[in-house]
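Bear in mind that the values in this text are calculations on the coordinates, not laboratory data. Values in this document were obtained by computation on a predicted structure and should not be read as measured data. Cβ atoms come from the backbone with ideal geometry, glycine included; neighbour counts cover every protein chain shown.
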Amino acid sequence: MTSMDLFGLAAGGLLSGILAGFLGIGGGTILVPILVALGYIPVQAVATSSWAIVITSLSGSWQNWRMGYLDLSRVMFLGIPALITAQLGVLVAGALPGKILLIAFGIFLMVNVFLVEVRKQIVLRAKRLEGLEEGDRSLPEVEKSTWSPVTSRVITGGLAGFMAGIFGIGGGVIMVPLQILLLKEPIKLAIQTSLGVIVMTALSSTAGHAIQGNVLWLPGLILGLGGLLGVQVSTRILPKLPEQVVSLLFRSMLFVLALYIFWQAANPQT
């Protein structure tokens, strides 16, 4: 591993941590393209991203638990189906040719360009409802979910686990909106629960990939430590920036990364 590789890994981890801390997303959407750019094969990039996410999500969840903000029962209800489907995602990722896996990940990035805005609107709506409830107790009850709690949790956790296994992401971009829409959870509770479940999905994904020999432990450790520093930066500096600007920059970066991934898939030798 060259000094340039070390610098690229540390910078990539820092960037992913900054975005994760400020927007509640990032993780594998940033880490996987960086690892591919550094010359790692797609399945190694996915597996190593999962290992890095274990480090950052475990740190955040530990902090939430110490502050009394982590409901372990909610985490387990979502985490158990996620553990199972994460292994399914690992098997699919290992079976797919590298080119196909890259194309699938590129499509995922493109979809996320639009999901960022959808997720933001869902979160804003949830915040408005919470604000109205606190300000006016005479308002009617918030709309109840038409889905059963068990079905909602299986769908939410299961989908997040599969995405974690196949793409090396945490799954928060999926879990937070689904908790708000299907389970009618408050936004803060949804984010805290999601981070706890990500620990489980990332651990499951990492274990499955490790059995297949896909995890690069040292690069993942560097990415994870960089992510820890990035979260500290985002909590102190980035909230001062206009959210619309950061969101636009992030979506633009996702679009560029998707184009790069498609280019890599078309030119695997480069």
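Just to be sure I follow the rule: in the chain, considering lysines 8 or more places apart or on different chains, how many pairs have Cα atoms under 28 Å apart?
Within the chain, the lysine pair count is 11.
Calculate the length of the line joining the C-alpha centroid of segment 28-68 to that of segment 151-205, in whole Å.
Segment 28-68 and segment 151-205 have Cα centres separated by 15 Å.
How big is the dipole moment of segment 3-266 about its Cα centre under a simple scheme where the beta carbon of each Lys and Arg is +1, that of each Asp and Glu is -1, and everything else is neutral? Debye, nearest 20, please.
80 debye
Run the simple label-point estimate for S73 and L228 please: 7 Å along Cα→C-beta, distance reported in nm.
3.2 nm
Against the 2.2 N^0.38 Å scaling, with N counting residues, where does the chain land? I'd like the Cα-based Rg ratio to two decimal places.
0.98
Please work out the Cα center distance from segment 77-112 to segment 217-234, rounded to the nearest Å.
22 Å
Enumerate the helices in the chain for which the Kyte-Doolittle hydropathy averages 0.5 or more and the C-alpha atoms extend at least 24 Å along the helix's axis, using complete DSSP H runs.
3-23, 72-95, 98-135, 149-167, 187-211, 217-236, 243-266
Given the rule -39500 (n - 2.57) for each run of at least 4 DSSP H residues, summed and divided by the residues of the chain, what is its mean residue ellipticity at 222 nm, to the nearest 500 deg cm²/dmol?
About -28000 deg cm²/dmol.
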